[in-house]
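Q: This is the structure I have questions about; it appears just below.
Bear in mind that the values in this text are calculations on the coordinates, not laboratory data. A quick note: this is a predicted structure, and the numbers were derived from the prediction, not measured. Neighbour counts run over all protein chains shown; Cβ positions are idealised from the backbone, glycine included.
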Amino acid sequence: MLTGGDGIFAREWGAPSARAVFCWHGAGGSAEDFATIGPELADRLGVRVIAIDGPGHARSPSRPPEAFRPSALAWLATEILDELGVERCVFLGFSWGATVGCWFAASNPERALGLALVEGGHIDFADIPGFDADRPLDKLVSDAEAFAATEGTAFGSHTPAVAGAMIHGLCREPGTATFRRLAAAGVPVLFVGARQDEPSAEVERLSRLVPQTEVVELASSSHDLLRDSPAEVARAVGDWLEALPSG
């Protein structure tokens with residue numbers, strides 16, 4: 001299914017009239033990353049699960065670099081939801097998609113029944129030791145080209161140009177910039193993360209600044225929980241969804 005004006009690809013599971021869960025994958029991923037979680041949530045809870053290929057990923061065309069700012073991607077999400085006839089949804093984002101979800105819920109709290117963050121949304125590039133978040137776009141793209149040459153097919157479903165634009169957008173519009181608005185709006189938030197040996201300062205910051213956040217740690221050390229622990233993610237998100245008001 002194509003939507004979003006210029007052909008954003010989307011997959012769906014569940015009844016079109018049911019409460020919606022809108023899913024956005026991580027860098028280099030696609031809607032197929034939710035191929036286990038989507039059907040499980042639809043079958044267990046009777047929800048409508050919508051997962052997209054983000055711009056410049058898999059079957060969706062790319063966009064100009066400025067369109068990869070999280071605020072612009074959040075606006076794209078609202079356009080897709082409008083086209084699909086969804087007034088309100090739970091936003092489920094992984095990694096890159098979690099930051100997009102933060103901007104969506106902060107900018108459109110009236111449309112967010114809840115925000116589920118899987119291994120993302122809590123940490124900014126500025127938090128990473130030694131990472132230069134002030135690099136210009138062309139340098140980020142050239143760095144991504146070098147990384148892609150090393151990784152080969154493991155680089156994922158996007159190009160270095162898209163990767164550079166994504167990082168450029170995330171550096172200028174970090175997820176933490178939304179925390180004050182999320183807290184004020186009171187949007188229910190779930191954070192699902194891999195278990196850490198030491199408490200995560202970034203997760204603690206999220207919990208402190210967005211106090212309605214519920215944190216669930218899974219018995220996994222992997223960042224890519226959608227691929228490595230999909231059943232556990234589906235269970236954690238499903239348990240949380242069951243407790244949410246129907247909206």
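Q: Between rounded, prolate and oblate, where does region 63-117 land on the alpha carbon gyration tensor, with a ≥ b ≥ c its root eigenvalues, rounded for a/c under 1.5, else prolate if a/b exceeds b/c?
A: In terms of gyration-tensor shape, oblate.
Q: Please state the equivalent ellipsoid semi-axes for region 101-241: what are the square roots of 5 times the Cα gyration tensor eigenvalues, largest first, in whole Å?
A: Working from the Cα gyration tensor, I get semi-axes of 27, 19, 15 Å.
Q: Between the alpha-carbon centers of region 193-219 and region 102-176, tell me the distance in whole angstrom.
A: 20 Å
Q: Once every Cα of the chain carries one equal point scatterer and solvent is ignored, give the base-10 log of I(q)/I(0) from the Debye formula at q = 0.11 Å⁻¹, two decimals.
A: Here the Debye-derived log intensity ratios amount to -0.52.
Q: Restricting to the chain, what percent of DSSP beta bridges are antiparallel, rounded to 5?
A: Antiparallel bridges make up about 20 percent of those DSSP assigns within the chain.
Q: Kindly state, to the nearest 0.05, the FRET efficiency for Asp239 paired with Asp134, given R0 = 35 Å and r defined as their beta-carbon distance.
A: Computed FRET efficiency for Asp239 and Asp134 comes out at 0.30.
Q: What's the ranking of 74-82, 129-137, 102-110 by average number of surrounding C-beta atoms within 10 Å, highest first?
A: For the peptides 74-82, 129-137, 102-110, the packing ranking is 102-110, 74-82, 129-137.
Q: How far is it, in nm, from the label point at Asp224 to the one at Phe125 when both lie 7 Å from their Cα along the line to the Cβ?
A: Distance between label points: 2.1 nm.
Q: If you don't mind, there's one more thing I want to ask. Across 5 Å bins from 0, what is the distribution of all Cα-Cα pair distances for region 175-247, in whole percents?
A: Per 5 Å bin, starting at 0, the Cα pair percentages come out as 3, 15, 23, 20, 22, 13, 3, 0.
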